[in-house]
Structures are given as structure tokens and as C-alpha cells.
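Readers should treat all values here as calculations from the given coordinates under stated rules, not as data from a laboratory. Because the structure is a prediction, the values reported are computed rather than measured. Here Cβ is always computed from backbone atoms with ideal geometry, including for glycine, and neighbour counts include all displayed protein chains.
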Amino acid sequence: MEATTVVIGQEEQLAMDTAPLTNEDGIRKALEQMNRIIEPTWDADYDERRDTMYLRRRAAGPALSYFSPKVAGMVFRLDVQTGELTGIDLEDFRRVMAVQIPELGEVLKVRRRARWAARLPGLRTLARYALRGVDARTREQVRARYCLNP
């Protein structure tokens, strides 16, 4: 994030950027930071009831949501204070996105299989490692599909 130096009286203070006020600025700022989602500090979680895939940075604080005008159901979340990308929500993941993009559909299938395997005592550790790999694969596919080729 960019920082600016603000002079108050005779003291200099560092002021961090805040989240953008308009949706267009928020989307632009989020797309500039898309390489961050492949870092290991990010997790992917799928909510079956809401049919939404959540990509979140661990220990993220409050954030503002910005709705993508190009991809229906894609919501970017930027930290309120710093403007850093803290999350991406992919709504209608199974019904729409996984059908349109076969790679995301495959990620969802592997995720289900790993969750099923986690129920079996002998396969829990293996399933946990598989889910970590699926999380990374999900983040890579979202970054490649929606952000490197907007």
C-alpha cells in the first residue's frame, strides 16, 4: 500500500491509505493486489448452504465490499483502514462458476472427496494435506481466471 507523509505542526506522521470510497476504485485497487491471494496466509472455504467460496486472508479485520461489474457474484473485500485486499467471495460457485470454468468444478470435486476422506480415522491426516492443496489450487485458479485475464 502507498503511504503518505503528513506534517502536523512540527512532527511528521505516516498516514496509510484507506479503502476507496467508490466501487470502481475499490475494484481497481483489489485487482492490483491479486497476486497476494496465492500466499500461504490465505485460506479458501466453501459454504454449501450459500453456495459461496470464500477466499480470506487470515486474521483480517473489518473490510468494505466491492462488487465486480464484469463477473456477477464476485465480491472483493478491502481492509477499511489500509485498503489491503482481505477477501474475495465467489457467489453461486457450484451452480454457475464451477459450470462455466471446468477447473473450478474439479477443485470442488476434490474438495468434497477430501472432506469425505477426513471422516475416516486412517485418512484424516492425508485428507487435511489434500485440503491444503485444494485451497492453494482454488486461489491459483481464481487469480488466473479472473484477475490475470480480466
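For the stretch 45-81, the residues whose amide N sits under 13 Å from a probe point set 7 Å from the Cα of Arg94 along the beta carbon direction are 46-53. Solvent-free Debye calculation, one equal scatterer per alpha-carbon of the chain: log10 I(q)/I(0) at 0.12, 0.17 Å⁻¹ equals -0.55, -0.96. Stretching Leu21 away from Lys109 to a fully extended chain increases their span by 27.9 nm, per 0.36 nm per residue minus the current alpha-carbon distance. Need the C-alpha centroid separation for the stretch 79-150 versus the stretch 22-44, integer Å. Measuring centre to centre over Cα atoms gives 16 Å. Phi angles of the stretch 60-65 translate, via the Karplus equation with coefficients 6.51, -1.76, 1.60 and θ = phi - 60°, into HN-Hα couplings of 7, x, x, 9, 9, 9 Hz per residue; Gly and Pro are given as x. Placing a pseudo-label 7 Å from each Cα along the Cα-to-Cβ vector at Ala117 and Arg49 gives an inter-label distance of 2.8 nm.
Rounded to the nearest 20 debye, what is the charge dipole size of the chain about its Cα centre when +1 sits on each Lys and Arg Cβ and -1 on each Asp and Glu Cβ? Intermediate values should be presented prior to the final figure.
Values: 25 positive and 22 negative charges, 263 e Å.
That gives the chain a dipole magnitude of about 1260 debye.
Each residue of the stretch 25-35 is assigned a 3J(HN,Hα), and the resulting list reads 5, x, 5, 4, 5, 5, 5, 5, 9, 4, 5 Hz, derived from the Karplus form 6.51 cos²θ - 1.76 cosθ + 1.60 (θ = phi - 60°), x at Gly and Pro. Here the stretch 43-92 has an Rg and Dmax of 10.9, 32 Å, counting Cα atoms alone.
Only one residue of Ala118, Tyr66, Leu90 has its Cα farthest out toward the positive end of the dipole of the stretch 60-150, where Lys and Arg carry +1 and Asp and Glu -1 on Cβ, and that residue is Ala118.
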